[in-house]
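Single-structure report; data block below.
The values are calculated or read from the model by the stated rules, or taken from the named source; none is laboratory data. Just so it is clear, the model here is predicted, and its values are computed rather than measured. Positions of Cβ are generated from backbone atoms using ideal geometry, with glycine treated the same way; all protein chains shown enter the neighbour counts. Heads up: the accessible areas ignore ligands, DNA and RNA and are worked out on the full protein's heavy atoms, side chains in. Shrake-Rupley method; radii C 1.70, N 1.55, O 1.52, S 1.80 Å.
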Amino acid sequence: MEPEEITAWRPAVAGVAEVFHAHFTRHAYPMHVHDTWTLLIVDEGAVRYDLERNAHGTPLGTVSLLPPQVPHNGSAATPAGFRKRVLYLDAGAGPLDASFIGPAVDTPDLADPLLRRRISQLHTSLARPGDELEAAARLTLVGERLRERLRPRLAQAPRPGPDRRVASALRELLDARVVRGVGLSEAAELVHAHPAHLVRSFAAAYGIAPHQYLMARRVDRARSLLLAGRPPGEVATACGFYDQSHLSRHFRKVVGAPPARYARSRHPEQAPPAPEERGPGRGPVSSAPAPPRTSPSGA
């Protein structure tokens, strides 16, 4: 029997109180409550639980949403246990307000492949420090989908079409904040647009998500600094990446090679002078012959 495992962390993304990944074979949750919304997907096995005295289950492919302050329990539905990923979403600052508690109690399990895929992608981005803009964008789309599933009339209401003015304003903001970066909620406030509308408008106008655009701009800046001879660790900080591994991940994705290998590929004529060709603190040493030494007077 495989050992039980857990991983938990609090990401730097507004609206997400905790991320929790677990593999349980024996553990059974007693009745309990949370202050947060519990958004659960199961990757292996199945979970059974009681919510408001009604039995429910989470087979593969479903999404379970448990409201705050509503008692529930949970245990494995098969002898092999289950592997799950959970997001605990803030009840106040998160994507769902108290008006959705009733619909969630009535229908906590949602068979929605698109929603499940978006939640899985959100988990991936939350696990990567430095990708908070991507995670926030994915969270706002997950929240929008949840609201539409819990209140179907919202899905029937026409969405505002892509707004080129909004997209242009966000692009200008990202260009001005390549190194410093900007959070999605701050960007939405500065551009005066709902976060989901902001993300959709930008992607429709430019064919790229806001976080992809920002990372591409940072990679361009990194390329220039690497070719100028700056070391990758220094380049990562100078370009706004979280650390060198964050730079490497996005650099490899865009360029097709890691930063150090890219830097070593410089054409010899473009490479900076080797260290042995420089005088200590004086720049390159002249190749002219040294003047002859003068003998001491009276020698």
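For the reader, a short list of remarks on this structure follows.
- Odd one out for ILE119 among (1) in contact with a strand residue (DSSP E or B) (Cβ under 6 Å, 6 or more places away or on another chain); (2) closer than 21 Å to PHE241 by Cβ; (3) among the β-branched types (Val, Ile, Thr): (2)
- For region 55-79, a residue qualifies if it is under 13 Å from GLY45 (Cβ atoms), in contact (Cβ under 8 Å) with a residue 40 or more places away in the chain and β-branched (Val, Ile, Thr), and the qualifying residues are THR58, THR62.
- Qualifying residue in region 207-221 (condition: closer than 16 Å to GLU134 by Cα, surrounded by fewer than 20 Cβ atoms within 10 Å (Cβ to Cβ), over 17 Å from the mean Cα position of the chain (by Cα) and not charged (D, E, K, R)): yes
- Candidate set from region 37-59 (those that are surrounded by 13 or more Cβ atoms within 10 Å (Cβ to Cβ) and of a type in the set (Gly, Ala, Ser)); member that is farthest from GLY92 (Cα to Cα): GLY45
- Selection of region 1-32 for residues being of a type in the set (A, V, I, L, M), touching a strand residue (DSSP E or B) at 6+ places or on another chain (Cβ under 9 Å) and farther than 30 Å from LEU133 by Cα yields ALA28, MET31.
- Criterion applied to VAL255, VAL235 was being open to solvent by 30 Å² or more (accessible area, probe 1.4 Å), in contact with a helix residue (DSSP H, G or I) (Cβ under 7 Å, 6 or more places away or on another chain) and among the β-branched types (Val, Ile, Thr), and the one residue passing it is VAL255.
- Looking only at region 60-96, and only at residues there that are over 22 Å from the mean Cα position of the chain (by Cα), over 19 Å from PRO3 (Cα atoms) and among the aliphatic types (A, V, I, L, M), the one that is most open to solvent (accessible area, probe 1.4 Å): LEU60
- Of all residues in region 15-32, those satisfying the criterion of being of a type in the set (Gly, Ala, Ser) and either crowded, with 17+ Cβ neighbours inside 10 Å or not in a loop (DSSP other than H, G, I, E, B) (or both) are GLY15, ALA17, ALA22.
- Listed by position, the helices (runs of 4 or more DSSP H) contained in region 158-250 that have at least 1 residues being among the acidic types (Asp, Glu) are 164-176, 184-191, 210-227, 232-239.
- Hits in region 160-170 (condition: under 12 Å from PRO210 (Cβ atoms) and either over 19 Å from the mean Cα position of the chain (by Cα) or touching a residue at least 60 places away in the same chain (Cβ under 8 Å) (or both)): VAL166, ALA167, ALA169
- Some residue of region 97-117 being within 23 Å of LEU214 (Cβ to Cβ), touching a helix residue (DSSP H, G or I) at 6+ places or on another chain (Cβ under 8 Å), buried (at least 20 other Cβ atoms within 10 Å of the Cβ) and not β-branched (Val, Ile, Thr): no
- Some residue of region 97-112 being of a type outside the set (Lys, Arg), touching a Cys at 6+ places or on another chain (Cβ under 9 Å) and over 22 Å from ASP43 (Cβ atoms): no
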